[in-house]
1. With the dipole of the chain worked out from charges on the C-beta (+1 for Lys and Arg, -1 for Asp and Glu) around the Cα centre, which of ASN67, CYS18, GLY148 lies farthest toward the positive end?
2. Quick one: P(r) of the chain from all Cα-Cα pairs, 10 Å bins, percents rounded to integers, in order of increasing distance.
3. Give me the net charge for the shell around ASN194: Cβ to Cβ below 13 angstrom, other residues only, Lys and Arg +1, Asp and Glu -1.
4. For a test of the definition: using alpha carbon positions, the gyration tensor, and the 1.5 limit on a/c, classify region 117-246 as rounded, prolate or oblate.
5. Going highest first, how would you order 58-64, 183-189, 222-228 by mean Cβ packing within 10 Å?
6. With a sphere of radius 13 Å drawn around the Cβ of GLN38, what net charge do the other residues whose Cβ falls strictly inside it have (Lys, Arg +1; Asp, Glu -1)?
7. Per the helix-only calculation at 222 nm, which mean residue ellipticity applies to the chain, given -39500 (n - 2.57) for every DSSP H run of n ≥ 4 and division by its residues, nearest 500 deg cm²/dmol?
8. With a 1.4 Å probe and all protein chains kept in place, how do TYR142, TYR81 rank by accessible area, largest first?
Amino acid sequence: MSDHITSLVSAITKFLGCPCTYFAPMVDDEPLMEAYRQALEESAELKTFVPVIIVPSDTLLDTLVMNSDETANGDDIPEKYDAEEVASFRNELLVADSSLGAAALSELVSIAQDVLEDPELFERMINEEGGTVESHHQFLSYWDYDSGMTEHVILARIPVSHPYNVFAYLPMGGWNACPSNSALIAISRLWYENYGAIPAVISKDTVEYLVEEAVPESECKDLAIKQYAFCPSIIEESDGITISSHAESLKSSSVWYFWWD
């Protein structure tokens, strides 16, 4: 492991302040997945932490610190932040009302309509038939597709009781089209309560959810529309994917993959 990766992993681990395990790049991710599954079982039993696979990067660390401590700035962000400010930020998110996921999604749908500037275009997107159906059952964010190996990753045991609250410790949102961190928590709570969706993998620009329950067919189209509003890239930057085909994939996918530019 290079000095830079060593320093980066150490900095993120210190920032999180919870038990973390580092995994070096590997061709077969089974050791990582086995560790994640075991941690998930322990989490269900103890209810004192939620495991998250983190893809470390300088951008992610900067985002986490800047979102958590408004006084942090400049080139010293990874090393210099106020721990009390970070703790206060986390507590504010944890005690805030997180039951407004439906409202947050409705607001994102309205924003998506406004961005398109043409109500008819939005309706055409919703009603367009066909498209490539891609069901997901494996995590994608931690793979380096050039090398065919995983990235350097951290398996963190985030000290929260509810999966949706991991974003209090991993506030990667609030930039470009990525929802705010409070919206990430509220929407994740809604999806957890409705479908058992758990934030499982987080990087600087991706979130993947592990989904325990199949989405009822009657809800797939509505959920696909809202997931498009949540993350437009899953439709707009995916070759051949339509809202209808995404809805079809939700019937069988056990992993939801979102990324933002």
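1. Toward the positive end, the furthest listed residue is CYS18.
2. 7, 30, 36, 21, 6, 0
3. -3
4. prolate
5. 183-189, 222-228, 58-64
6. Summing Lys/Arg as +1 and Asp/Glu as -1 gives -3.
7. -14500 deg cm²/dmol
8. Solvent-accessible surface, decreasing: TYR81, TYR142.
The values are calculated or read from the model by the stated rules, or taken from the named source; none is laboratory data. Please read all numbers here as calculations on a predicted model, not as lab measurements. In this analysis, Cβ positions are derived from the backbone assuming ideal geometry, glycine residues included, and neighbour counts consider all displayed protein chains. Remember, those area values only see protein heavy atoms, side chains included, never the ligands or the DNA or RNA. Shrake-Rupley method; radii C 1.70, N 1.55, O 1.52, S 1.80 Å.
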